[in-house]
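Participant: Have a look at this one.
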C-alpha cells in the first residue's frame, strides 16, 4: 500500500511538471487520464472492505501513452523521455512482481487455448490445479517448458 501511495505521489509530481510546462500538455487527454488514475487511495482499516474495480484493457490508449512519452514536448518538459511504470501502462503490476506463496486449493483452471502458458503458470503459482491445451506445436513446446519441466525437475532445472 505504501509503495503504491508513493508511486502515485511521484506520478502527480511529474504530471504537475508537465502541466506547468505547456498548456498543450496540461490539456492532453493522456495527462488528464493519468492524473485521474493517480488519485489518492483510500486508507483501509481493519474490518472495512475495498471495492474491486474492473478495468478493461485499452491497447489503443497504451500505444498513445507510449507515443506521448517519446514526444519532443514531453522530453523538453522533463529533460528526457517519460518512462511509464507498468501499473501506468497496464493498470496493474506485472504478475511476476507479485509474489504469493502457493496455497493448495481444489480450484481447477481450464485454459483451452493456453498458448505459451501464462494463465496456467499463474494458476499453478497460486496453488490451483491446471488443465492446459494448445494446438500450435511451437506454443505447445513453450507450454511444456513453462509448466511441466519446472514441476518435474524443480530446483535441479535452475542450474541449467
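The values are calculated or read from the model by the stated rules, or taken from the named source; none is laboratory data. Small disclaimer: the values here were computed from a predicted structure and weren't measured. Don't worry about glycine lacking a Cβ; one is built from the backbone with ideal geometry, like all the others, and counts go over all protein chains shown.
Yes/no matrix, rows are residues, columns are (1) part of a helix (DSSP H, G or I); (2) modelled with pLDDT of 90 or more; (3) more than 30 Å from residue 24 (Cβ to Cβ):
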| position | (1), (2), (3) |
| --- | --- |
| 66 | yes, yes, no |
| 75 | yes, yes, no |
| 89 | yes, no, no |
| 114 | no, yes, yes |
| 123 | yes, no, yes |
| 130 | no, yes, yes |
| 151 | yes, no, yes |
| 156 | yes, no, yes |
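Participant: Determine whether residue 54 is surrounded by 11 or more Cβ atoms within 10 Å (Cβ to Cβ), closer than 28 Å to residue 126 by Cα, outside the structural domain of residue 124 (by TED's automatic domain parsing) and at pLDDT below 95. If you could, list the steps in order and put the result at the bottom.
Facilitator: Numbers: surrounded by 11 or more Cβ atoms within 10 Å (Cβ to Cβ): no; closer than 28 Å to residue 126 by Cα: yes; outside the structural domain of residue 124 (by TED's automatic domain parsing): yes; at pLDDT below 95: yes.
No: the conditions fail for residue 54.
Participant: If I ask for residues that are under 21 Å from residue 61 (Cα atoms) and outside any helix (DSSP H, G or I), which ones from the stretch 1-44 would you list?
Facilitator: 27, 28, 38, 39
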